[in-house]
Amino acid sequence: MAKRPSFKIGDTVFYPSAGVGLIEAIEDIYHSGKLECCYVIRIPETRMVVKVPKANVERSGIRPLLNQRKLKELFNVLSAKSRQRVTGGNWTERCKEIERKINSGSCLDLGEVVRDLMRWKSQSGLSFEESMLLETASGYLAREIAVVEGIATDAAKDRIRGYIGLHI
């Protein structure tokens, strides 16, 4: 059985569906009639504060930021060949699958989404929904890379485009 992640105040983490956040506190709150110990996570980009019960950390997908090995894996994913774009079928199902990958908490899934959407955009354009998903996913990925590497978010976006092979 995998060890449940444990964080402390001051840790920077990745919170799916919100991005990079800082654990500001650990506090007890009453929820559904019982006392639960929660991480208080501030997402600087949106100024949002999220309280996540420690018991739900795995299920919520909260994880530590990328280490150097995972960062290298991510760059390999960004450089890899894109999946073929499925043009037929139900586009809402395709967007739901992309959104599921974005919210999974997996940096590799996030990398696949950004790679594929950026390349599709350069080849034939994206729907409004796909464009919004690309903006969200690339923002999450760029902010995490920026924090891990100690660079500006714009520089991280340039690195992502470079690995994908889009020099803009």
Subject >> Extreme residue, farthest from LEU65 (Cα to Cα), among residues of the range 7-24 that are in a strand (DSSP E or B) and of a type outside the set (Val, Ile, Thr) >> reply: GLU24
Original post:
If you check every pair at least six apart or on different chains, which have Cβ atoms under 8 Å apart with a residue in the range 79-105 that is farther than 14 Å from ALA137 by Cβ and in a helix (DSSP H, G or I) first and a residue that is among the hydrophobic types (A, V, I, L, M, F, W, C) and at pLDDT 75 or above second?
Top reply: SER79/ILE164
**OP:** Give the residues of the range 106-131 that are among the polar types (S, T, N, Q) and either part of a helix (DSSP H, G or I) or in contact with a helix residue (DSSP H, G or I) (Cβ under 7 Å, 6 or more places away or on another chain) (or both), sorted by residue number.
**Re:** SER122, GLN123, SER124, SER127, SER131
Original post:
Could you list, in sequence order, the residues of the range 48-70 that are charged (D, E, K, R), closer than 20 Å to VAL148 by Cα and free of Cβ contacts under 8 Å to residues at least 12 places away in the same chain?
Top reply: ARG69
Original post:
Which of the residues that make up the range 134-153 are of a type in the set (Val, Ile, Thr) and either at pLDDT below 90 or part of a helix (DSSP H, G or I) (or both)?
Top reply: THR136, ILE145, VAL147, VAL148, THR153
**OP:** Could you figure out which of (1) surrounded by 12 or more Cβ atoms within 10 Å (Cβ to Cβ); (2) assigned to a helix (DSSP H, G or I); (3) within 18 Å of the chain's Cα centre (by Cα) isn't true of ARG59?
**Re:** (1)
Subject >> Only listed residue being outside any helix (DSSP H, G or I) and closer than 19 Å to VAL147 by Cα, chosen from GLU73, GLU27, GLU45 >> reply: GLU45
Original post:
Which condition number does CYS37 fail, the rest of (1) of a type outside the set (S, T, N, Q); (2) more than 26 Å from THR153 (Cα to Cα); (3) touching a residue at least 24 places away in the same chain (Cβ under 8 Å) being met?
Top reply: (3)
Original post:
Only one residue in SER104, SER79, SER131, SER124 is surrounded by fewer than 16 Cβ atoms within 10 Å (Cβ to Cβ), at pLDDT below 95 and within 12 Å of the chain's Cα centre (by Cα). Which one?
Top reply: SER104
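The values are calculated or read from the model by the stated rules, or taken from the named source; none is laboratory data. All figures in this text were calculated on a predicted structure; none of them were measured in a lab. When we count neighbours, we look across all protein chains shown, and the Cβ atoms used for this are built from the backbone with ideal geometry, even at glycine.
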